[in-house]
Amino acid sequence: MSKPRIHTMKELSQAISISRPTLARFFEDENSVLPSTAEKIRKRLAEVDYVYNFLATRQNRKSTGMIGVVIPHFEDLFFASLLDSIDVAAREAGFTMITQSSHGDLTSEMKALRKLRSMNVDGAIVSPLGTDGNFEVFKEIGSDFPIVFADSRPIGHLPKADFAGTDNMDSIGMMVEYLCRTGAPPVFLAMPKLNSNAVERQDAYFRKMQECGAEGRVIETPTHMESWEFERFGFDVMNDHFSRGRYVDATILCANDRVAIGAIRAATTHGLFTRTGEGLGRLRIAGHDDHPLSRYIFPALTTVAQEVEGIGRDAVSLLVNRLRNGRDGDGVKKLRGGSLKIRESA
């Protein structure tokens, strides 16, 4: 026998003889009603066909209890880890996370931001594309609710916009110092300039090389290869150079691990990393991020680990502070240091 279909909270209240305020508290948090009442509601809900409309019940509230998150790609394992840490911290703070991907496209990012605006989220955490891409949209959205940037940020100044991320000067500097101390000074393989990290990490490289008394040099890359397919980018660039005999005995610092993984694949293709009794050759490759796969490739990648869980928690903390204590005051930066992971590749 089919269960009676219930469409509204009012109908549900009448059908199971529980007041609407009690039902609202139960759906918001089961622990907010007496255990006996919660058990009674659960038993009676099993007798009807009713789906609680989480979004509809929040549209007319001063606070919806929802925060939006926009990242460049769901498939990127770094952003998957960042989302996980944001979700845990948001739940602990009493918020529900609504997540969207910009798919590495500025137009999609703009649409995602405006969709969050239409959903009346309380605030947003964004890993933005480019260095200034949707700057005007951020200003527009920021007038409605607070925005915290995570991992990367627009280069331009957005008043009251907070940021949680890695201290690239510290983390890249740590790697440059290690490479200079243990072998030939590194050349730099930049990542496509798709966000602020690309700019900051290259600047950090040159600054630290100067401090180490060495000359900084960037590996030549084609100008048209501005893609989020970082592994392919690293492979294509270094495969071309290795095939011409360039950088075959260099120390190469890659702007991120995904680029480094592509570079290592190119190196193994050309026999520059081999499993011999003499160990690895003179070529050294290092990265940044401590990508989950970096320790399992051959050779295992020397890199700098970011505090992804800490960055996610910092982003939520900054947003909650704006929501609970007001939006006045200049933007706050919370930067986390990195930790060196020395492995086979360098």
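The values are calculated or read from the model by the stated rules, or taken from the named source; none is laboratory data. Computed from a prediction, not measured in an experiment: that's the story for all the values here. With ideal geometry, Cβ positions are generated from the backbone for all residues, glycine too; neighbour counts draw on all protein chains shown. The area values use the complete protein model at the heavy-atom level, side chains included, leaving out ligands, DNA and RNA. Shrake-Rupley method; radii C 1.70, N 1.55, O 1.52, S 1.80 Å.
Summary of computed values
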quantity: One residue from 304, 218 being at pLDDT 95 or above and surrounded by fewer than 22 Cβ atoms within 10 Å (Cβ to Cβ); calculated: 218
quantity: Enumerated strands (runs of 3 or more DSSP E) restricted to segment 95-189, each holding at least 1 residues that are farther than 24 Å from residue 77 by Cβ; calculated: 123-126, 147-150, 162-166, 187-189
quantity: Those residues of segment 63-77 which are under 29 Å from residue 259 (Cα atoms), open to solvent by 30 Å² or more (accessible area, probe 1.4 Å) and touching a residue at least 12 places away in the same chain (Cβ under 8 Å), in sequence order; calculated: 73, 74, 77
quantity: Any hit, segment 277-287, residues being surrounded by fewer than 23 Cβ atoms within 10 Å (Cβ to Cβ), modelled with pLDDT of 95 or more, within 28 Å of residue 166 (Cα to Cα) and small (Gly, Ala, Ser); calculated: no
quantity: Contacts under 8 angstrom Cβ, first residue in segment 189-209 being β-branched (Val, Ile, Thr), partner surrounded by fewer than 21 Cβ atoms within 10 Å (Cβ to Cβ), 6 or more apart; calculated: 199/131; 199/155; 199/193
quantity: Total residues in segment 148-157, condition in contact with a helix residue (DSSP H, G or I) (Cβ under 6 Å, 6 or more places away or on another chain) and crowded, with 18+ Cβ neighbours inside 10 Å; calculated: 5
quantity: Subset of segment 171-180 that is in contact (Cβ under 8 Å) with a residue 60 or more places away in the chain and in contact with a Lys or Arg (Cβ under 9 Å, 6 or more places away or on another chain) - its residue that is surrounded by the fewest Cβ atoms within 10 Å (Cβ to Cβ); calculated: 174
